[in-house]
1. I'd like the accessible area for residue 341, computed on protein heavy atoms only with a 1.4 Å probe and all protein chains in place. Round to 10 Å², please.
2. State, to one decimal in nm, how far the label point of residue 372 lies from the label point of residue 50, with both points 7 Å from Cα in the Cβ direction.
3. At 1.4 Å probe size, with the rest of the protein present, what percent of the exposed accessible area of region 25-145 is carbon and sulfur atoms?
4. I'd like the accessible area for residue 21, computed on protein heavy atoms only with a 1.4 Å probe and all protein chains in place. Round to 10 Å², please.
5. Under the classification rounded if a/c is under 1.5, otherwise prolate if a/b is larger than b/c and oblate if not, where does region 107-210 fall, given a ≥ b ≥ c as square roots of the Cα gyration tensor eigenvalues?
6. In square nanometres, what is the average projected area of the Cα convex hull of region 84-128?
7. On full extension of the chain, what length is gained from residue 243 through residue 226, given 0.36 nm per residue of separation minus the C-alpha to C-alpha distance?
8. Averaged per residue, what accessible area in Å² does region 347-392 show with a 1.4 Å probe, protein chains only?
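The values are calculated or read from the model by the stated rules, or taken from the named source; none is laboratory data. Source: prediction; values computed, not measured. Neighbour counts are summed over all protein chains in view; Cβ atoms, including those assigned to glycine, are modelled from backbone coordinates with ideal geometry. When the accessible area is computed, the model is the full protein with side chains, heavy atoms only, and any ligands, DNA or RNA have been set aside. Shrake-Rupley method; radii C 1.70, N 1.55, O 1.52, S 1.80 Å.
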Amino acid sequence: MASAAEQLASNLNFSAFSKAEELKKRIWFTLGALLVYRLGTYIPLPGINLEAYAQAFNHQAQGILGMFNMFAGGAVARMAIFALGIMPYISASIIVQLMTSVVPALEQLKKDGEQGRKVINQYTRYGTVLLATVQAYAIAVGLQGSQGIVTDPGPFFLFSTVITLVGGTMFLMWLGEQITARGIGNGISLIIFSGIVANLPQAISGTLELGRTGALSTAIILAIIVLTIAVIAIIVFVERAQRRLLIQYPKRQVGNRMFQGDTSHLPLKLNTAGVIPPIFASSLLLLPATIAGFAQSHELPGWATTVLSSLGHGQPLYMALYAAMIVFFAFFYTALVFNPKDTADQLKKHSGFIPGIRPGERTAEYIDYVLTRVTVLGAIYLVIICLLPEFLISWAGVPFYLGGTSLLIVVSVTLDTVAQIQGHLIAHQYEGLIKKSKLRGGKRNR
């Protein structure tokens with residue numbers, strides 16, 4: 001079976017793609033949904049003086065709001081209806097997933113299969129509305145408190161801004177779910193991906209402009225290009241890296257026939273969590289960013305001002321928290337998506353075993369031991385890749401979009417989407433082979 005799949009994968013070409021009508025429909029749907037998202041990032045909130053807001057934003061664009069703007073696809077810089085982006089949904093997902101580990105009722109729902117998953121998703125949507133409302137109200141108050149940004153301050157502006165921003169986030173959440181169900185790839189990841197890619201040309205031109213004005217030397221720009229290529233190569237290599245555990249199956253007899261024992265591998269990815277840890281870590285750091293970006297310093301206590309100012313790019317506190325959160329979520333999300341005990345039980349159920357390891361509890365302990373060591377390497381890799389932009393910003397003033405976090409998201413989402421496209425093409429070719437074999441069988445019967 002594996003060799004047949006490899007042969008089919010090697011034969012994938014443009015003609016196979018042109019015949020896969022279902023795949024083409026999914027791709028067009030995905031592109032159309034992402035186009036709708038991009039259009040929404042250019043529709044400004046009502047009642048905003050865009051010139052005054054642009055001046056206020058430019059003063060803080062190099063801070064944490066720059067990162068917020070990256071994940072929102074530039075909507076924050078334009079104060080568009082999608083300014084909150086998809087981050088409230090991701091934050092709500094973090095909270096709900098954390099609660100499933102400590103609340104017995106939610107843990108039971110998680111074990112109830114598809115029906116339980118639907119209930120948990122509904123709780124996540126409720127949490128998204130709550131978080132989006134809090135953040136939207138904070139943004140509305142901050143905008144209204146800034147001189148000259150709001151044309152007609154008052155309760156109506158606060159109400160309309162909160163409704164618009166919350167509605168924008170809920171629409172993006174729905175759009176992401178539609179892409180996942182009817183398109184190609186993970187909808188939420190693709191929304192973030194499209195926002196980053198859309199801003200990459202501006203970041204590249206900004207870097208070249210710094211070189212033209214002499215702010216960055218030609219040697220530094222060339223070093224950045226080489227470093228970017230090297231980071232992309234490392235990301236591709238690590239994202240495909242696996243630790244394979246040998247699985248053996250004993251000989252079995254069916255009737256009078258004896259079947260030879262088979263061997264296979266249990267693949268453990270070096271980075272099982274994927275892009276989730278940096279996205280989760282960034283989303284949590286963006287919660288206080290809403291206050292830091294728009295609230296005036298005299299409205300906050302002295303200690304709060306000090307803490308919020310320490311959460312800027314290149315600041316030791318921000319970098320330490322970012323690294324710690326990435327490590328935590330790398331282990332946390334890996335534990336959520338991969339359960340060694342369940343894997344060991346499935347192997348025992350199908351008479352599979354790891355050579356030299358007793359089936360059952362000892363197998364679960366061994367898998368957990370190997371997975372922990374692999375996750376340590378994956379977490380170190382994520383920290384290095386994601387802290388790279390912070391050093392570049394503090395050292396050379398490089399735009400944030402050229403950093404490791406954005407490259408990690410872009411490359412990882414691209415690899416996952418291409419893998420799904422190849423899976424659809426392989427399935428389409430299998431269906432074609434089955435149809436041909438049935439037709440040949442029917443002709444022979446005649």
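1. 130 Å²
2. 5.6 nm
3. After summing per-atom areas, the C and S share lands at 64 percent.
4. For residue 21, the solvent-accessible surface is approximately 100 Å².
5. oblate
6. Approximately 2.9 nm², given one-decimal rounding.
7. Numbers: separation 17, 0.36 × 17 = 6.12 nm, distance 2.90 nm.
Stretched fully, the residue 243-residue 226 segment lengthens by 3.2 nm.
8. 55 Å²
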